[in-house]
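Taking it in order: structure first as structure tokens, then the write-up.
The values are calculated or read from the model by the stated rules, or taken from the named source; none is laboratory data. In this text the structure is predicted, and so the values were computed from the model without any measurement. For neighbour counting, all protein chains shown are included, and Cβ atoms are generated from backbone atoms with ideal geometry for every residue, glycine included.
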Amino acid sequence: MTLLEFQSLSQDEQVTILYCQGIYIGKKKNKKYTKLLYQLESFYVEVFYSSYRRIIHKIIVSNSTTILDPYLEQIKLEYFVT
Amino acid sequence: MSNPVTPRNVVFYADDDADDLELVQDAFARYANNVEVVTSKDGAQALAYLQSLQEGASIPCLIILDINMPLMNGREVLKKIKLMPRLDSIPVVLFSTSSSPQDQEFAIKYNAGLVTKPLHVSQMEMITDLFIEHCSDEIRRNISKHSR
């Protein structure tokens, strides 16, 4: 699946695909949102919750590794070791 | 007429993520008549609780372990459980943010279930059912009989 194909799906479909195929990278919290970052094939998906796992505010998709920056401290090296 | 005594089944759940602890406790609320969820915030605390269960004390009918926990991760706790004669036959489910092939192999090796954490609470009912499916037949019948 490409980034564009993923973006064309409904939010429910996106959530289902992420649940089945997404690789969890990390979790971040700020005053407004709890965010989960997943890798899906060659791109990244960040889920913003206004109420954790209950209300999704938005889902953003990126193929840039800069989206990883806030999560770097949580990323375990073992995931990169084959 | 007095209410019939409802058997209590303990589900033990260890996870360092307070949000996920709350989510699972909420999910089991529909079984509240006969399921009690006991929680722990890290692997070492989980192991200490399980080791503290005295002979004759009721033991959990199901153990749910987050894989990534501080002090002792879920894999290590599972290995220790399998060395404890009183607890080694309790069904265990590893609860993970996403399941890697390594997690799947590990779960199979140690005869545990592997369930991925939900992205949305709407998936939680299905996941709770997956948890219950790992309980023994007797416990499952008991839980379903009292939960509807």
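B:Ser58 meets each of the listed conditions (1) over 28 Å from A:Val15 (Cβ atoms); (2) at pLDDT 90 or above apart from (2). Of all residues in region A:17-46, exactly one satisfies the criterion of being touching a His at 6+ places or on another chain (Cβ under 9 Å) and either of a type in the set (S, T, N, Q) or at the interface with chain B (Cβ under 9 Å from one of its Cβ atoms) (or both), namely A:Tyr19.
Restricting attention to region B:108-126, the residues that are among the charged types (D, E, K, R) and either touching a Lys or Arg at 6+ places or on another chain (Cβ under 9 Å) or within 13 Å of A:Arg53 (Cα to Cα) (or both) add up to 2. Which residue is surrounded by the fewest Cβ atoms within 10 Å (Cβ to Cβ), if the candidates are limited to region B:66-112 and must be charged (D, E, K, R) and either touching a residue at least 40 places away in the same chain (Cβ under 8 Å) or within 13 Å of chain A (Cβ to nearest Cβ) (or both)? Among those that are charged (D, E, K, R) and either touching a residue at least 40 places away in the same chain (Cβ under 8 Å) or within 13 Å of chain A (Cβ to nearest Cβ) (or both), it is B:Asp103.
Any residue at all in region B:17-36 that is more than 28 Å from A:Ile55 (Cβ to Cβ), away from chain A (no Cβ under 14 Å) and of a type in the set (Ser, Thr, Tyr)? Scanning region B:17-36 turns up no residue that is more than 28 Å from A:Ile55 (Cβ to Cβ), away from chain A (no Cβ under 14 Å) and of a type in the set (Ser, Thr, Tyr).
Among the residues of region B:113-131, is there at least one that is surrounded by fewer than 18 Cβ atoms within 10 Å (Cβ to Cβ), within 16 Å of the chain's Cα centre (by Cα), more than 14 Å from every other protein chain (Cβ to nearest Cβ) and more than 17 Å from B:Ala32 (Cα to Cα)? Within region B:113-131, one or more residues are surrounded by fewer than 18 Cβ atoms within 10 Å (Cβ to Cβ), within 16 Å of the chain's Cα centre (by Cα), more than 14 Å from every other protein chain (Cβ to nearest Cβ) and more than 17 Å from B:Ala32 (Cα to Cα). When the test is whether a residue is buried (at least 20 other Cβ atoms within 10 Å of the Cβ), in a loop (DSSP other than H, G, I, E, B) and away from chain A (no Cβ under 13 Å), B:Pro60 passes it. Counting the residues of region A:47-63 that are more than 12 Å from every other protein chain (Cβ to nearest Cβ) and either surrounded by 19 or more Cβ atoms within 10 Å (Cβ to Cβ) or basic (Lys, Arg) (or both) gives 1.
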